[in-house]
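The values are calculated or read from the model by the stated rules, or taken from the named source; none is laboratory data. Every value quoted in this text rests on a predicted model; they were computed, and no experiment measured them. Every residue, glycine as well, gets a Cβ built from its backbone with ideal geometry; the counts of neighbours run over all protein chains shown. SASA here: full protein model, heavy atoms, side chains in, ligands and nucleic acids out. Shrake-Rupley method; radii C 1.70, N 1.55, O 1.52, S 1.80 Å.
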Amino acid sequence: MPALSARVGRTELAATFAQAARARALRAEGHDVISLSLGEPDFPTPAHVVEAAHAAALRGETKYPPLAGTEALRAAVRRKYLRDQKLDVPQANILITNGGKQAIFNVVMAVINAGDEVIIPAPAWAGYEQTIQFAGGTAVFVPCPQEKGFVLQPEDLEAAITPRTRLLLLNYPNNPSGAAISAAGLEALAAVLRRHPGIWVLSDDIYEHLLFDHFNYATLAAIAPDLADRTVTMTGVSKSYAMTGWRIGFAALPPALIKPCTVVQATATSGVSSIGQAAALAALEGPQELLHERAAAYQSRRDLVVSLLNQIPGIECHKPEGAFYVFPSIAGCLNKTTPAGRRLANDTDFTAALLDEAHVGVVQGAAFAMSPHIRISTATSEATLARACARIAAFCATLQ
């Protein structure tokens, strides 16, 4: 048969999709499966947002949209960056994208050539490495273990930089650990980056509003404005406003990246759904109280799950500062055998056995470049989370 491209062969699908598919298959067989593998809010899209999209469709806003986004949404995003990020971004520097993922794709494809290196603090969302592989680059993971709060340290960043480093990816609050970084932590990283002027920075702030215990949000371009001309600040409406399916992201681009990223988007997808943009406009310009209400709900869920997991022998769970995940270590559960006779050599074995034998779906830490951990999504009800933790506890108690 005709050959396929090398870029397809070097890029794998994320383990989260595989776990979710296996959970669906078990449900189809009649099993009561609790799936905590996908990072998707269980809250509905706000009603006023849905109504705004409906009204836009009725008005006939169904034609091809402007490539960079509608003027109304870009203006709203500019106000949003000023309000939330404390960044005064010219409207011309804002690009509306098909979800946050396309913003990441645009930047990577615009700045990475074959053999270039991208520094990624680990644990990290698997989509980063996939995009870098697709572009022909090399992902360089810098371990940020639990004892360091899952946060990148300046000395570790310095040690990872080589002449081939072209991009640093930051994601705080973090997927999968939920770790957040302070303004002081960002300033320490900025001091390193000032010594290396050839490195771009992409700050993925998609979980910006999901912070707990009065942790103060900060982002690199605001903390270090002298680095703003090489820093992309990306966010969107997916997580905070429960709008994952609307596929609307935003990128605040430095001047040198506006045209390159627009060219990539024009080549890949062109403009973003006009109806989705109308919905995002309503989300940004409408009532914002729901952000605090939902963050409080996620904090309560975090507290429940961390408490329950830390009562299980063999599991140690760090309390995250944000997002809707926990990332416990399962080191104490390894090198044991399940009642079905499975030997648990690593976190991949653990997650497979937990799903098949206890019918709880989570994702192995190996998928996020850090073992032996598992990622548990807390984006579901406390009752469901309590049932899942009870099953995990029962499963761990049977290990020999």
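The set of residues in segment 218-234 that are open to solvent by 10 Å² or more (accessible area, probe 1.4 Å) and out of contact with any strand residue (DSSP E or B) (no Cβ under 7 Å at 6 or more places or on another chain) comprises Ala218, Ala222, Ile223, Pro225, Asp226, Ala228, Asp229. Of the set (1) closer than 15 Å to Val89 by Cα; (2) assigned to a helix (DSSP H, G or I), all apply to Pro260 but (1). Selection within segment 170-189: residues that are within 24 Å of Gly236 (Cβ to Cβ) and among the hydrophobic types (A, V, I, L, M, F, W, C). The member of this set that is surrounded by the fewest Cβ atoms within 10 Å (Cβ to Cβ) is Ala183.
Would you call Val237 open to solvent by 10 Å² or more (accessible area, probe 1.4 Å), of a type in the set (A, V, I, L, M), closer than 19 Å to Asp204 by Cβ and touching a helix residue (DSSP H, G or I) at 6+ places or on another chain (Cβ under 7 Å)? The answer is no for Val237.
For segment 152-169, filtering for residues that are hydrophobic (A, V, I, L, M, F, W, C) and open to solvent by 50 Å² or more (accessible area, probe 1.4 Å) leaves 1. Residues that are open to solvent by less than 60 Å² (accessible area, probe 1.4 Å) and in a loop (DSSP other than H, G, I, E, B) within segment 240-257 comprise Ser240, Tyr241, Ala242, Met243, Leu253, Pro254, listed in sequence order. Residues that are loosely packed, with under 11 Cβ neighbours inside 10 Å and within 30 Å of Ala139 (Cα to Cα) within segment 10-30 comprise just one, Leu13.
Would you check which residues across segment 302-330 are free of Cβ contacts under 8 Å to residues at least 24 places away in the same chain and surrounded by fewer than 22 Cβ atoms within 10 Å (Cβ to Cβ) and list them? Within segment 302-330, Asp303, Val306, Ser307, Asn310, Lys319 qualify.
Before we move on, is Thr348 touching a Ser or Thr at 6+ places or on another chain (Cβ under 9 Å), free of Cβ contacts under 8 Å to residues at least 24 places away in the same chain and not hydrophobic (A, V, I, L, M, F, W, C)?
Details: touching a Ser or Thr at 6+ places or on another chain (Cβ under 9 Å): yes; free of Cβ contacts under 8 Å to residues at least 24 places away in the same chain: yes; not hydrophobic (A, V, I, L, M, F, W, C): yes.
Yes; evaluated as a whole, the condition is true for this residue.
Within the set of pairs 6+ apart or on separate chains, which have a first residue in segment 40-63 that is of a type in the set (Val, Ile, Thr), a second that is buried (at least 18 other Cβ atoms within 10 Å of the Cβ) and assigned to a loop (DSSP other than H, G, I, E, B), and C-beta atoms under 6 Å apart? Note: pairs meeting the criteria are Thr45/Ala242; Thr45/Met243.
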